Amino acid sequence: MKRPDSRSKEAAETLAIQALAFIAEEPDRLAAFLGATGLSPDSIRESANQPHFLLGVLEHMLSNESLLVAFADSAGINPADIARARSVMGSHWERDLP
């Protein structure tokens with residue numbers, strides 16, 4: 001399997017950070033995110049250091065179409081860009097099968 005280009009991974013992470021900022025702008029969006037993830041407001045910073053946290057942000061975004069469209073409109077991007085970013089971030093090295 002081909003490894004993702006580090007620039008595209010960085011772009012995907014940047015998009016996920018933008019998505020998290022968008023979620024955090026509105027108390028209702030943040031409450032929904034916290035409820036879905038089981039995080040508390042105090043644990044977000046600590047959780048953000050976990051390897052799959054940003055991937056989870058994108059997955060949360062993709063699980064809610066109205067949130068997805070609102071973020072895409074706000075960011076001036078195509079909603080499909082979020083799915084592509086999720087794919088890049090979710091693509092990990094897999095060992096070759098014998």
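FYI, it's all coordinate maths here, none of it is from the lab. This structure is a prediction, so every number in the text was calculated from the model and none was measured. Don't worry about glycine lacking a Cβ; one is built from the backbone with ideal geometry, like all the others, and counts go over all protein chains shown.
Order by neighbour count: MET61, MET89, fewest other Cβ atoms within 10 Å first, most last.
Values: MET61 27, MET89 23.
Fewest-to-most Cβ neighbours within 10 Å comes out as MET89, MET61.
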note = Simple spin-label estimate for ASP73/ALA24, 7 Å along Cα→Cβ, in nm, reads 2.4
